[in-house]
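J.: Below you'll find the structure I mean.
The values are calculated or read from the model by the stated rules, or taken from the named source; none is laboratory data. Given the structure is predicted, the values throughout are model-derived calculations rather than measurements. Ideal geometry is used to build each Cβ from the backbone, glycine not excepted, and the neighbour counts take in all protein chains shown.
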There are 2 protein chains.
Amino acid sequence: MRPLFHPAIEDLKPEAILSALSDRERVAIFAQIAGLGSSGTCTALSNLGGRVIPKSSLSQHMKVLREAGLIRGERHGVEMRNHSRCQEVDARFPGLIAAILGAYGRPQEEANAG
Amino acid sequence: MRPLFHPAIEDLKPEAILSALSDRERVAIFAQIAGLGSSGTCTALSNLGGRVIPKSSLSQHMKVLREAGLIRGERHGVEMRNHSRCQEVDARFPGLIAAILGAYGRPQEEANAG
DNA sequence: TCCATAGTTCAGAAATTCGGAACTGTTGAT
DNA sequence: ATCAACAGTTCCGAATTTCTGAACTATGGA
């Protein structure tokens, strides 16, 4: 598949990041990807909060996170591997991700190293 | 007028804060109130970004900011004076507001002292 | 009382979000 | 090559949210 759209680091918009992370489900997805360090597939992410997220909704969530610049997705074979862009985002907006994940009560151990 | 609803500090929700600040118009309003230190009235805030915000829209924006816990509004005579709750919010979610205002490129000089 | 000012509420239009169904693209088996 | 299975995307209608002009409420002053 042709590569998905990912914004360049200089094109990141704070409002897109905040909007993406103003949804608990997306935060849980993002935190999981950031925490893993790499390679969160959609199916692995579809059952995070005790609720099964419909795959069309999950696909939308991933798109929102991707287009906000928070994650990068690459197809490997039949599946999509997602990893966070925390380092890049943190270089552009220092402390933002850590503060947000911190506010949501996550240990954010990988927030600056994913 | 009976006091408007303001959430207690322990009831603040990160998603409400991020949602409130995922809109540039609201960020501009909030940054202005935080920067002033106190007393932003609606009419003083209605012409921030070169656009005149309709007063019904402005009223909604103020409500969103208020219910997210970012500002406090008190009626003084015929007008409403708004001031930020930055200190309280910062105590609850350290660094969050500074990081957000920083990301939007504001000097946030009052972000921890409003 | 009557008017002006500051802001809120109402209500319909426009935009966004949600999620099941259908679809695309990839791998592996026959 | 054909078929099936799987991972994810796209489509589209329903539900929800946002926007804003118009009407309304509350306060102060003449």
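J.: Among the residues of segment A:31-44, count how many are touching a strand residue (DSSP E or B) at 6+ places or on another chain (Cβ under 8 Å), modelled with pLDDT of 80 or more and either among the charged types (D, E, K, R) or within 20 Å of A:Leu21 (Cβ to Cβ) (or both).
T.: The total comes to 5.
J.: Applying the selection to segment A:60-109, what residues are under 16 Å from A:Asp23 (Cα atoms), over 12 Å from the mean Cα position of the chain (by Cα) and in a loop (DSSP other than H, G, I, E, B)?
T.: Result: A:Tyr104, A:Gly105, A:Arg106.
J.: From B:Pro7, B:Pro14, which residue is of a type outside the set (Phe, Trp, Tyr), away from DNA strand C (no atom under 14 Å from the Cβ), touching a residue at least 40 places away in the same chain (Cβ under 8 Å) and within 14 Å of chain A (Cβ to nearest Cβ)?
T.: Step by step, each of B:Pro7, B:Pro14 is checked, and only B:Pro14 is of a type outside the set (Phe, Trp, Tyr), away from DNA strand C (no atom under 14 Å from the Cβ), touching a residue at least 40 places away in the same chain (Cβ under 8 Å) and within 14 Å of chain A (Cβ to nearest Cβ).
J.: Another question, if that's okay. Out of curiosity, is A:Val52 within 12 Å of DNA strand C (Cβ to nearest atom) and in a loop (DSSP other than H, G, I, E, B)?
T.: yes
J.: Determine which single condition A:Pro14 fails, assuming it passes every other condition in (1) modelled with pLDDT of 95 or more; (2) under 14 Å from the mean Cα position of the chain (by Cα).
T.: It fails just one condition, (2).
J.: For segment B:62-80: of the residues being out of contact with any strand residue (DSSP E or B) (no Cβ under 9 Å at 6 or more places or on another chain) and at pLDDT below 95, which is surrounded by the most Cβ atoms within 10 Å (Cβ to Cβ)?
T.: B:Glu79
J.: Which of the residues that make up segment A:24-60 are of a type outside the set (Gly, Ala, Ser) and within 17 Å of A:Val89 (Cβ to Cβ)?
T.: A:Arg26, A:Val27, A:Ile29, A:Phe30, A:Gln32, A:Ile33, A:Leu36
J.: Then there's this: Tally the residues that are assigned to a helix (DSSP H, G or I), β-branched (Val, Ile, Thr) and farther than 19 Å from A:Glu15 by Cβ, restricting the search to segment B:1-49.
T.: Matching residues across segment B:1-49 total 2.
J.: Mind checking which residues of segment B:86-101 are facing another protein chain (nearest Cβ under 7 Å), small (Gly, Ala, Ser) and at negative phi?
T.: Selection gives B:Ala99 alone.
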